Amino acid sequence: MWDGKLYSIGLWDAAVALVTRQSILDDLGLRTPTLDEPWTHDEFMAALEAAKASGKYQAAFDPGMAWTGEWYPYAFSPFLQSFGGDIIDRSTYTTAEGVLNGDEAIAFGEWWQSLFTEGYSQATQDPADRDAGFADGKYAFSWNGNWAALGALGAFDDALFLPAPDFGNGPKIGAASWQFGISAASEHPDGASAFIEFALQDKYLTAFSDGIGLIPPTPGSAAASINYKDGGPMADFYELSAQQALLRPVTPGYVVAAKVFEKALADIANGADVADTLDAAVDEIDADIAKNGNYGF
């Protein structure tokens, strides 16, 4: 929705979870977190420390550093938001000052950097390890989406999809996924609109989900699906999306802000000064907002 008008619509949803195994939790002596009682900051770090101390893993936590682009803001900004910061000030949408470089954001940045400096995660990653590392036993925990869940279920009969940790301001994950829209320059807007309306029937949303594993976007299509019906092997993701999901900033300026955020986090992971990096990111985002007349806000 933009200015009260519908511009695009998705045929599926997506959610991220902390992927692990029940046997790993049991071996490390860890409580199994739930949606009602997710791990706290301290519990999550204790889990990573236990995995690291066991000496059984290449890294305790795989955040997915081999993936770039939209993965960074989609997967990692919810950690920032759980700390109490954000990519942009959503009360005005005209600045990132105070939310991307405030005390909460700096605390997030220091925590993020500590994942790599303390040896819980690796700042660089072979793409093959991102795809198969958890199944190969290289990681105790993997931050990954429901699109990869079928692989985990295929590899382990005790795979678990745990809720995001609560870093102080509630657990958060990204929400929504790729969308269908119609270009203003389309030569066939009526036909494009007819296709979208046709595809939005529950039976097709269910077929789409069954085919590729993504979350059906309506209760009816989920109830009829193989993986997301009550008791289905991936039903947890439906509840994760319903209870923890936070939309990415709803502004045209997100396109630039997301890329700036990605670079800032990559730099911090590789040792850049946290406060200086976040200040520079704010300056870049604010300059873009100003250049574009506050994007209508």
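Numbers for the structure displayed
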item: Qualifying residues in the range 166-181 (those that are modelled with pLDDT of 95 or more and among the hydrophobic types (A, V, I, L, M, F, W, C)) - the one nearest to THR40 (Cα to Cα); result: PHE167
item: Residues satisfying the stated conditions in the range 66-124, i.e. over 20 Å from GLU284 (Cβ atoms), in contact with an Asp or Glu (Cβ under 7 Å, 6 or more places away or on another chain) and surrounded by fewer than 22 Cβ atoms within 10 Å (Cβ to Cβ); result: ALA66, GLY84
item: Residue check, ASP42 more than 18 Å from PRO165 (Cβ to Cβ), outside any loop (DSSP other than H, G, I, E, B) and not small (Gly, Ala, Ser); result: no
item: Residue within the range 16-31 that is free of Cβ contacts under 8 Å to residues at least 40 places away in the same chain, of a type in the set (A, V, I, L, M) and within 19 Å of VAL260 (Cα to Cα) present; result: no
item: Residues (in contact (Cβ under 8 Å) with a residue 60 or more places away in the chain and in contact with a helix residue (DSSP H, G or I) (Cβ under 6 Å, 6 or more places away or on another chain)) located in the range 192-213; result: LEU205, GLY213
item: The range 17-30 - residue that is surrounded by fewer than 19 Cβ atoms within 10 Å (Cβ to Cβ) and in contact with an Asp or Glu (Cβ under 7 Å, 6 or more places away or on another chain) and, of those, farthest from PRO171 (Cα to Cα); result: SER23
item: Helices (runs of 4 or more DSSP H) wholly inside the range 94-164 containing at least 2 residues that are polar (S, T, N, Q); result: 103-117
item: Number of positions in the range 5-21 that are over 18 Å from ASN227 (Cβ atoms) and either modelled with pLDDT of 90 or more or polar (S, T, N, Q) (or both); result: 5
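Yes or no, residue by residue, for (1) more than 18 Å from LEU240 (Cβ to Cβ); (2) surrounded by 14 or more Cβ atoms within 10 Å (Cβ to Cβ); (3) of a type in the set (Phe, Trp, Tyr); (4) in contact with a helix residue (DSSP H, G or I) (Cβ under 8 Å, 6 or more places away or on another chain):
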{"site": "LEU150", "(1), (2), (3), (4)": "no, yes, no, no"}
{"site": "ASP158", "(1), (2), (3), (4)": "yes, no, no, yes"}
{"site": "PHE167", "(1), (2), (3), (4)": "no, yes, yes, yes"}
{"site": "LYS172", "(1), (2), (3), (4)": "no, yes, no, yes"}
{"site": "ALA175", "(1), (2), (3), (4)": "no, yes, no, yes"}
{"site": "ASP190", "(1), (2), (3), (4)": "yes, no, no, no"}
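The values are calculated or read from the model by the stated rules, or taken from the named source; none is laboratory data. Source: prediction; values computed, not measured. All Cβ positions, even for glycine, are placed from backbone atoms using ideal geometry, and neighbour counts span all protein chains on display.
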